[in-house]
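Remarks on the structure that follows.
The values are calculated or read from the model by the stated rules, or taken from the named source; none is laboratory data. These numbers come from a predicted model, not from an experiment. Don't worry about glycine lacking a Cβ; one is built from the backbone with ideal geometry, like all the others, and counts go over all protein chains shown. All accessible areas refer to the heavy atoms of the entire protein, side chains included, with ligands and DNA or RNA removed. Shrake-Rupley method; radii C 1.70, N 1.55, O 1.52, S 1.80 Å.
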Amino acid sequence: INHVVHNGGLYKRPFNEAFEETPMLVAVLTYVGYGVLTLFGYLRDFMRQWKIEKCQNATEREEQKDFVPLYQDFENFYNRNLYMRIRDSWNRPICSVPGAKVDMMERVSHDYNWTFTYTGRVIKDIINMGSYNYLGFAQKTGACQEAAAKVLSQYGAGVCSTRQEMGNLDKHEELEKLVARFLGVESAMAYGMGFATNSMNIPALVGKGCLILSDELNHASLVLGARLSGATIRIFKHNNMQSLEKLLKDAIVHGQPRTRRPWKKILILVEGIYSMEGSIVRLPEVIALKKKYKSYLYLDEAHSIGALGPSGRGVVEYFGLNPEDVDVMMGTFTKSFGAAGGYIGGKKELIDYLRTYSHSAAYATSMSPPVVEQIITSVKCIMGEDGTTIGRARVQQLAENTRYFRRRLKEMGFIIYGNEDSPVVPLMLYMPAKIGAFGREMLKRNIGVVVVGFPATPIIESRARFCLSAAHTKEMLDTALKEINEVGDLLQLKYSRRRLVPLLDRPFDETTYEETED
């Protein structure tokens, strides 16, 4: 499905996304592959039960056989019999800065991936196509590293207290004022962990009697935060504005279940860039719906801040929108800024409320000073406040790398998901055997990639996910593309039939949306 949208004048730029349909034969063979693996899994479990095959997985102790099991044995079936076959594709230990190239410790397994042994050899200069190092700030030399080292010698590594007690440093205050200026909002607050920024702050904003409308592909941190809040959760189809508007209408018309009272609050949860699909939120339409139905908008910019927009200010700037139209602007420092932690930006009243009621603020230890300095230096670099144009050049370089890499992969015949401006590039693998094979073959050719399968993706939509960086040179990308092309031919991964069916562009102000078959 190809989206080329200029919807009702809301978009100031073309919005091109492609999600090519899975070929029928590939889908059938993928299901057959999982079926065969499952059958062999049951056979091997039977053999383990009768001691024909050695049982290496965790089991309850003999003296606990009459206890209620701590975990259900069948729940571990997938890990034992499917994941274990390709476990070597994950958790690979690197021993260098995760920059454009990395060094990786070589490991081998002599028992089919149940255990690993390190050989002592280090594989040097692997082209890193997996880290979220969008702007190339993961580095061990340069202004950021020097500033962080200086702060480390002055403040030490840890704060040993929460912000509300003895852990509020001048550096924290400086960071929050800088982030607020960068985002164009009244105030901002920083947290020590990106995941907890979502999971611990959403419960502070909504609770029982409130309604959360969440995109079906939202990150686990948003899902967890929504569940912890106690609010009612309803899911809308990914980036589908008809589905979202239908839920908003139903919520206003029918109110809460049983009592039919109006909802206290309606909060829409979306992400800027979806990290498995490579798609960008249709933010102009979401904001228009939010205003039309008087609801609130929570925007997670973990992957889009720094990576989108002419000056790296994220998806809001990418679409040329007003930051004030987004009620809660959330993002992380772990990707574009090469650090750790997260932030929430918005009106001063919102941030003052969260300082008191957020579990992340009240109970979590403050951010480490060298990490804070890394963020401050990188943000100033992006804004040009360091007196250079390095930051803006990196943002432009990332955009160029993204378009070049995506275009070349499509020309080769791979099925590539997502928006043409998204630095997250999913390449579809589909079949379970090809997940491990692709990761291994690429590593043989000194290319480090991330492969993803069920349950992180739908069962027939396994994929490799490339994350582009401003630190990648054209030579690096050409080398990676050459090897990807070779492995694609070897594993027969070029499934694209180039039959991209454009969606019917419907004007936004239509009031009668019906569920449509894509």
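Would you list the helices (runs of 4 or more DSSP H) that sit entirely within region 298-406 and hold 2 or more residues that are over 27 Å from residue 98 (Cβ atoms), at pLDDT below 95 and aliphatic (A, V, I, L, M)?
359-363
Among 293, 298, which is the only one that is over 14 Å from the mean Cα position of the chain (by Cα) and under 19 Å from residue 217 (Cβ atoms)?
298
Condition check ((1) more than 23 Å from the chain's Cα centre (by Cα); (2) outside the structural domain of residue 368 (by the TED database); (3) open to solvent by 10 Å² or more (accessible area, probe 1.4 Å)) across all residues:
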residue	(1), (2), (3)
187	yes, no, yes
197	no, no, no
222	no, no, no
234	no, no, yes
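Restricting the search to region 10-33, which residues are under 26 Å from the mean Cα position of the chain (by Cα), at pLDDT 90 or above and over 15 Å from residue 428 (Cβ atoms)?
Within region 10-33, no residue meets the criteria.
With assigned by the TED database to the domain that holds residue 54, farther than 18 Å from residue 351 by Cα, buried (at least 18 other Cβ atoms within 10 Å of the Cβ) and out of contact with any helix residue (DSSP H, G or I) (no Cβ under 6 Å at 6 or more places or on another chain) as the only criterion, which of 102, 108 stands out?
So the residue among 102, 108 that is assigned by the TED database to the domain that holds residue 54, farther than 18 Å from residue 351 by Cα, buried (at least 18 other Cβ atoms within 10 Å of the Cβ) and out of contact with any helix residue (DSSP H, G or I) (no Cβ under 6 Å at 6 or more places or on another chain) is 102.
Go through region 23-56 and give me each residue that's in contact (Cβ under 8 Å) with a residue 24 or more places away in the chain and open to solvent by less than 70 Å² (accessible area, probe 1.4 Å).
Matches in region 23-56: 23, 26, 27, 30, 33, 34, 37, 38, 41, 44, 45.
Of the residues 119, 141, which single one is in a loop (DSSP other than H, G, I, E, B), without any contact (Cβ under 8 Å) to a residue 24 or more places away in the chain and on the phi < 0 side of the Ramachandran plot?
141
For region 417-473: of the residues being closer than 24 Å to residue 399 by Cα and among the charged types (D, E, K, R), which is most open to solvent (accessible area, probe 1.4 Å)?
Ranking the candidates gives 420 first.
All but one of (1) buried (at least 22 other Cβ atoms within 10 Å of the Cβ); (2) under 19 Å from the mean Cα position of the chain (by Cα); (3) farther than 21 Å from residue 316 by Cβ hold for residue 193; state the number of the condition that does not hold.
(1)
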